[in-house]
Structures are given as structure tokens and as C-alpha cells.
Amino acid sequence: MRSRVVQSGEHVNTGQGEEQLTIEQDSPRNKENMDDNDEDAHEKGYLERKYDTVCDFYRKHKTMVRYIIWGILLAGYLVVVIAACVLNFHRALPLFVITVAAIFFVIWDRLMAKYEHRIDEILSPGRNLLSSHWFWLKWVIWSSLILVVIFWLIFDTAKLGQRQLVSFGGLIMYIVLLLLFSKYPTRVYWRPVLWGIGLQFLLGLLILRTEPGFIAFDWLGRQVQTFLEYTDAGASFVFGEKYKDHFFAFKILPIVIFFSTVMSMLYYLGLMQWVIRKVGWLMFVTMGSSPIESIVASGNIFVGQTESPLLVRPYLPYVTRSELHAIMTAGFSTIAGSVLGAYISFGVPSSHLLTASVMSAPASLAAAKLFWPETEKPKITLKNAIKMESGDSSNLLEAATQGASSSISLVAYIAANLIAFLALLSFLNSALSWFGNMLDYPQLSFELICSYIFMPFSFMMGVDWQDSFMVAKLIGYKTFFNEFVAYEHLSKLIHLRKEAGPKFVNGVQQYMSIRSETIATYALCGFANIGSLGIAIGGLTSMAPSRKRDIASGAVRALIAGTVACFMTACVAGILSSTPVDINCHHILENAFNSSLPGNTTKVISCCQSLLSSTIVKGPGEVIPGGNHSLYSLKGCCKLLNPPTFNCSWIPNTF
């Protein structure tokens, strides 16, 4: 059909200035003649005919061609992996493990998709047998687990000391507090609670106590740090070579942009959805939580509190109030992957941050189901909740662009909040000091108030008594401001400890022990702060406007549950953290400095750091070594480490 515009003066409406549109349609005979003429004028050549033949062949055998192409690419990749393993297996071990894991899960997904019903039929007799004897079998299992925990605590306490018992007592205390203040304390379903704590404990045991698990997560943490350093290329190009002079603005915040871009690309490729679905399925079959809760909790390991509900956005209007509470609790008790890189760049140990992110997922569901038990029947089952929303990007490049663009608001939010909160903190401290000066107590400050409010909670996590006030201050920063402020202060304490200076200067403690730093890292790893309340309510309300009242009424409870979930994770870290005092440090240091200056062996450096941290310095010639060590050992450690915050010349030469 062809059309042409004819402007007719006779049909023009001069009042409105409109144009008359006339459409002429060609007759079928004219159209056929035109097509014949076009075919005669454009007779197909040899190459065009061959091209059409190839296209027809591809359309008929499209599936087979794709399989052949993927087969060739896969074979080439396997050849490269085998060649790398032959040349240097130790160097190629990460590539080998990733390849084996990918092949296993691909085969597993194929088998489950094709033979799921047959596998279910094969396993059904065993399931029926287990169900028929489950009444007495569950008591045997739980009794055995309780005995294992008791004996484990006895032997572990004998090996590492009593500090682990304090952390265990703290875990019990937080469970009891959640039960006492529960919405429905008599209707608690204990399976998700006990399984959540059990999964948390097993993950911590695997990562913190087993050598392969620790090595794997330590390696993963180092790889993440290396990966984040590629941000420097973009930052130096945009801000210049001296961009590190403005460390936070030009070094930390670009990491958020880079990480957000990568997450958006992984989301487009479907890898994020696949991983989240697997983790959610694991929590669903073990903890017995609903599919919605499981998917959101697993999603919070990787994305933030406003992004993870987007995975199940179509189902939010139909979730129960307990499920809504669990969704908000999972957001408060975890951190987003985009800001995880920023905390790592602060100097906080990456392995502990990664471990805390993983352990907090089951802990959040355990705390949520204890604080607000399920009293309704969930409407969403596994079958209709397995589909998750995907991104709206049309290609990988657009996904990267959208990820970078969407991070602008997050970067602005972080920067604006830090400016506002740090300024507010300075003003608040000045006002409190002014008020305290009226009562002859000018040292009154926000940190001091928080240290007394949160000190019992930090001590029950297993923090050393003298460090509990410092950890309590960090918890106050995190709760009333945000975790960025808290981790920024924690990074300063870690830096001071690594400098191996005196632990007390003019009676003021400068840093904490490694164990206290570890527990604090886990306790701070969550978005549970006052400012996040508005984010959670606003984000969820925009996704499910019909549930606005339920969201607002349960937000404060979710904030408390998320905070306690972080504390429970810190307690488990305190139970499993193995940092015993080396009782042979006296022998090691005396022998090390008998002849010449020792090499930088791990044990000598560790003992020297412990000695320097416990040394009390009053002035020149007034130095008291900690731990009953000799001045001779202190002098040798000072020469070995050369700490910038410790004046070695003050150590008297008379030993």
C-alpha cells in the first residue's frame, strides 16, 4: 500500500489550520505488475542464491548447528584447562575447581529437569520409612546433637580457654530475648530457628576452623581485593594520578560504581538468579522456610535490601505478615555486595566480611521466625515462586551501562549521609561535652553513652572485657548512624594495631585484640540502622502499595530482629574464632634475640606484636613490658618491627 499527502485548499479548515490526508491504494493488478518488474530488474545473482540456501539450511538444522558450535567451544575450553593443569597444576587449581563445579551443576540441572519425577519415585520408599519413624527418631537426633555440642564445648574450652563459653552464653541469651519478646511466643515453629542457627554454625565451622575452608575463603577474599583494585584504572583516568589524596571520594566510592556494574552484568547473564535460586532451595529444604523468604534471604547475600525483594516482586502483595517481616529482617541483617568492596578497601579483613555475608542469611530467617512466628498459611508455593524477575536490559553492554547509572544514586546517598552524619556526630559530641562541663564532666560524648548502653551486648558476644566498650561504641555508630561510619572507625583501630604501638596512651586504649576485631566485624555486618528504616519502608511500599500498613507496622520489629541476627552471627564467630594466646612466646622471643636479629618468621612477629600491644609507656626510661616479658625481648621486637607509634629510644639499655 502506498500513500501520499494531498493538500487541498478547498478542504482546508482555515479556523483550525488542518491538512487533508488522502490515501490512494494501488489495485492488485498494478501491484502484481510492479512486483514482476522488480523481480525482472533485480534478478538474483549466484552469491545471493547461495546465501539463501545457507539460510534455509540453518533454519532447518538450527538446533544441531548450535550444539556443534557450543561443542567446539567447550572442547576448546577443556583443552585449555587440561593444558594449564599439565603445565602447572598448582597454578591452575582454581580454574580446575571452577570448571569441575560448573560441569557438575550443569549436569545436575539437566538430570533434575528430565528425571525429577523418577528420582522422587525412587526416594519415596525411604521418605515414607523415615516419616513413619520420625516421632522417636527426631528425639534421638536432637539428643545426639545436644551431646555433641556439649562435648565439643568441653574439649574446645579446655584447648582455647573460657572465652568461647561467653560467646555461647551470648547466643543462648539472644535466643531467649527474641522468644520473650516474640509476637506469638507460644506459636514458634522451631525448625527454621534451629536449622538457621545450625547452618550458621556449620558455615562458620567450615570456614573458620577447617584448613581447606579457611584457605578457600582467604583465597576468595584476596581475589576480591585484587578484582576491586581494577577500579583504580578508571578512577585515575577521571580524577588524575593524585586521586588517592581524596581517599574516600575518589578511591572508595568508585568501587561502588564498579561493583554495581559487574553485578548488573551478572544479573543480565542469569548467573545471579541461578546462584540465588540454589542457595534459596538449600534453605527451603533444610529450614522449612517459605520459597519467598528463602529466595530473598539468599539474594541479600549479593544485593541490597531494596534490590532483593525485586526478585519476587510479583508475589509481594500476597505474602503473609510473617513473611513480610522476614523479608525486611533479611535486608537489615545483611549488606549489599556493592558496598562490600568499599568495606574491604577500608582494611577490614575480606575473608571475615565474606563469611559474615554468607552466615547472616540463615541467621536472619532464624531471628525473624522466632521474633514473628508464622500464624497464617503461605499462599506462594515452590512451584509458583521459582520464577524470578530478570533485568530489562537488551544486551550485556546496556546492562553494564544501567548498573553504572543506577549506582549514581547509591554513591550520592553514601556520600551525603556520611557528610551529614559525621557533621551531626561532631556537633552532638560538642553539645554533650558542653552539657557535661556544667556537671564537671567534659568528657561526656555520644561514644561514651553508647559504650555503656551496648557494652553488655558486646561483652556477651565474647569480646574481651577491656575491649567491650570500644566495640559498644562501634555498635552505637552502626545503629544510630550507619555501618559505613562504624567500619571507618574499625579500620582506624585495625591500622593502629598493625602499627604495633602501645595499647594505652595516657590511660586511653588505642586499639583492640584481633579476636575483638573479628567479632566486631561480624556484629557490624548489616544494614540495621535507623536510617535504613525509611529505605526499607519506602522501597517495599513502592513494590506493594497494598501492604503499606503491614510494612510500616512490622519495620521496627524487623530492625530489632536484624540487629540481633548480626549479634548472633558475631556470637557464632566468637565461639569458632581460634586465636589462643601463645604461651611459648617467652621462650620464642628469648631464643630469637640471643644471637643476631631474627628473620621475619610468623611466630616471632606475632609474639612481638602481642608484646608491643601490651607494653605500658609512661615516658623516656619508663617502659613496662607486658606479659612479664624482659626489656631485652622488647628491645629486640622494637628493632625487628620498628613501629612508627613507639619510640624505641625510650627503652632503657640496662637489662
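The values are calculated or read from the model by the stated rules, or taken from the named source; none is laboratory data. In this text the structure is predicted, and so the values were computed from the model without any measurement. Cβ sites come from the backbone with ideal geometry, for glycine too, and all protein chains shown count toward neighbours. Ligands, DNA and RNA are stripped out before the accessible areas are found, and what is left, the full protein with its side chains, is counted by its heavy atoms. Shrake-Rupley method; radii C 1.70, N 1.55, O 1.52, S 1.80 Å.
If you scan region 396-407, which residues turn out to be modelled with pLDDT of 85 or more and open to solvent by 40 Å² or more (accessible area, probe 1.4 Å)?
Leu396, Leu397, Glu398, Thr401, Gln402, Ser405
Can you name the residue in region 187-227 that is aromatic (Phe, Trp, Tyr) and closer than 15 Å to His352 by Cβ and is also least open to solvent (accessible area, probe 1.4 Å) among such residues? So that I can check it myself, show each step before the final result.
First, pick out the residues of region 187-227 that are aromatic (Phe, Trp, Tyr): 189-190, 195, 201, 214, 217, 219, 227.
Of the ones still in play, those that are also closer than 15 Å to His352 by Cβ are 214, 217, 219.
On the way: Phe214: 97, Phe217: 43, Trp219: 90 Å².
By that ranking, first place goes to Phe217.
Return yes when Arg277 is at pLDDT below 80, farther than 18 Å from Ile537 by Cβ and either among the acidic types (Asp, Glu) or open to solvent by 10 Å² or more (accessible area, probe 1.4 Å) (or both) and no when it is not. Reasoning before the result, please.
Values: at pLDDT below 80: yes; farther than 18 Å from Ile537 by Cβ: yes; either among the acidic types (Asp, Glu) or open to solvent by 10 Å² or more (accessible area, probe 1.4 Å) (or both): yes.
So Arg277 fits the description; yes.
Kindly provide the set of residues from region 222-248 that are aliphatic (A, V, I, L, M) and more than 21 Å from Pro349 (Cβ to Cβ), ordered by number. Walk me through how you get there before you give the answer.
Let us first name the residues in region 222-248 that are aliphatic (A, V, I, L, M), namely 224, 228, 233, 235, 238.
Ala233, Ala235, Val238, listed by residue number.
Please pick out the residue among Phe480, Phe484, Phe469 that is free of Cβ contacts under 8 Å to residues at least 60 places away in the same chain and under 24 Å from Leu340 (Cα atoms).
Matching residue, one of Phe480, Phe484, Phe469: Phe480.
Where residues in region 162-186 are open to solvent by 60 Å² or more (accessible area, probe 1.4 Å) and not in a helix (DSSP H, G or I), which of them is modelled with the lowest pLDDT?
Gln162
Any residue at all in region 442-457 that's part of a helix (DSSP H, G or I) and either touching a residue at least 40 places away in the same chain (Cβ under 8 Å) or in the same structural domain as Gly304 (by the TED database) (or both)?
yes
List the residue pairs whose Cβ atoms are under 9 Å apart, where the first residue sits in region 103-125 and is without any contact (Cβ under 8 Å) to a residue 60 or more places away in the chain, the second is among the β-branched types (Val, Ile, Thr), and the two are 6 or more positions apart or on different chains.
Filtered contacts from region 103-125: Leu111/Ile119; Met112/Ile119.
Hey, any hits in region 91-108 for a residue that's modelled with pLDDT under 80, among the hydrophobic types (A, V, I, L, M, F, W, C) and surrounded by 10 or more Cβ atoms within 10 Å (Cβ to Cβ)?
So in region 91-108, the residues modelled with pLDDT under 80 come out as none.
So far as region 91-108 goes, no, none of its residues is modelled with pLDDT under 80, among the hydrophobic types (A, V, I, L, M, F, W, C) and surrounded by 10 or more Cβ atoms within 10 Å (Cβ to Cβ).
Say we look at region 143-161 and pick out the residues that are open to solvent by 70 Å² or more (accessible area, probe 1.4 Å) and of a type in the set (Val, Ile, Thr); which of these is farthest from Ala565 (Cα to Cα)?
Ile154
Condition check ((1) in a helix (DSSP H, G or I); (2) over 30 Å from Leu410 (Cα atoms)) across all residues:
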{"residue": "Gln466", "(1), (2)": "yes, yes"}
{"residue": "Leu474", "(1), (2)": "yes, no"}
{"residue": "Glu488", "(1), (2)": "yes, no"}
{"residue": "Met512", "(1), (2)": "no, yes"}
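Need the failing condition index for Gly234 against (1) open to solvent by 70 Å² or more (accessible area, probe 1.4 Å); (2) closer than 20 Å to Ala412 by Cα, just the number.
(1)
Residues of region 434-462 being open to solvent by less than 10 Å² (accessible area, probe 1.4 Å) and on the phi > 0 side of the Ramachandran plot, which ones? Steps first, answer last, please.
Filtering region 434-462 down to residues open to solvent by less than 10 Å² (accessible area, probe 1.4 Å) leaves 436, 450-451, 458, 461-462.
Answer for region 434-462, where residues must be open to solvent by less than 10 Å² (accessible area, probe 1.4 Å) and on the phi > 0 side of the Ramachandran plot: just Gly462.
Scan region 608-648 residue by residue and report those that are part of a loop (DSSP other than H, G, I, E, B) and more than 38 Å from the chain's Cα centre (by Cα).
The initial filter retains those residues of region 608-648 that are part of a loop (DSSP other than H, G, I, E, B), namely 615, 620-621, 625, 629-630, 642-647.
Within region 608-648, Pro620, Gly621, Pro625, His629, Ser630, Asn647 meet the criteria.
Scan region 60-81 and report the pairs whose first residue is under 17 Å from Val97 (Cα atoms) and without any contact (Cβ under 8 Å) to a residue 24 or more places away in the chain and whose second residue is among the β-branched types (Val, Ile, Thr) and surrounded by 10 or more Cβ atoms within 10 Å (Cβ to Cβ), with Cβ atoms within less than 7 Å and a gap of 6+ or a chain change.
Close Cβ pairs satisfying both conditions: Val81/Thr99.
Would you please list the contacts, defined by Cβ atoms under 7 Å and residues six or more apart or on different chains, that run from a residue in region 393-407 that is part of a helix (DSSP H, G or I) to a residue that is open to solvent by 30 Å² or more (accessible area, probe 1.4 Å) and of a type in the set (A, V, I, L, M, F, W, C)?
Leu396/Met265; Ala399/Met265; Ala400/Met265; Gly403/Met263; Gly403/Met265; Ala404/Ile257; Ser407/Ile257
Is it the case that Gly240 is on the phi > 0 side of the Ramachandran plot and under 20 Å from the mean Cα position of the chain (by Cα)?
Here the answer is no, as Gly240 does not meet what is asked.
Residues that are part of a helix (DSSP H, G or I), touching a Lys or Arg at 6+ places or on another chain (Cβ under 8 Å) and of a type outside the set (Gly, Ala, Ser): does region 292-308 have at least one?
yes
Take the residues in region 499-553 that are at pLDDT 80 or above and among the basic types (Lys, Arg); name whichever of them is farthest from the chain's Cα centre (by Cα).
If we take residues in region 499-553 being at pLDDT 80 or above and among the basic types (Lys, Arg), then Arg549 is farthest from the chain's Cα centre (by Cα).
Exactly one condition in (1) open to solvent by less than 10 Å² (accessible area, probe 1.4 Å); (2) in a loop (DSSP other than H, G, I, E, B) is not met by Ala555; state its number.
(2)
Sort out which residues of region 463-493 are surrounded by fewer than 24 Cβ atoms within 10 Å (Cβ to Cβ), β-branched (Val, Ile, Thr) and either touching a Ser or Thr at 6+ places or on another chain (Cβ under 9 Å) or closer than 20 Å to Ser167 by Cβ (or both), and write them in order of number.
Hit for region 463-493 is Thr479, nothing else.
Answer yes or no: is there a residue in region 352-359 that is touching a Leu at 6+ places or on another chain (Cβ under 7 Å) and open to solvent by 20 Å² or more (accessible area, probe 1.4 Å).
Among the residues of region 352-359, at least one is touching a Leu at 6+ places or on another chain (Cβ under 7 Å) and open to solvent by 20 Å² or more (accessible area, probe 1.4 Å), which makes the answer yes.
Go through (1) in contact with a helix residue (DSSP H, G or I) (Cβ under 6 Å, 6 or more places away or on another chain); (2) modelled with pLDDT under 80 one by one and return the number of the condition Lys159 breaks.
Among (1) in contact with a helix residue (DSSP H, G or I) (Cβ under 6 Å, 6 or more places away or on another chain); (2) modelled with pLDDT under 80, Lys159 violates only (1).
Which residue pairs have Cβ atoms closer than 6 Å, lie 6 or more positions apart in sequence or on different chains, and pair a first residue in region 415-440 that is farther than 30 Å from Pro254 by Cα with a second residue that is of a type in the set (Ser, Thr, Tyr)?
Close Cβ pairs (under 6 Å, with a partner that is of a type in the set (Ser, Thr, Tyr)) amount to Asn429/Ser445; Leu432/Ser445.
Within region 237-266, track down each residue that is of a type in the set (Gly, Ala, Ser) and either touching a Ser or Thr at 6+ places or on another chain (Cβ under 7 Å) or within 18 Å of Ile408 (Cα to Cα) (or both).
Ala249, Ser260, Ser264
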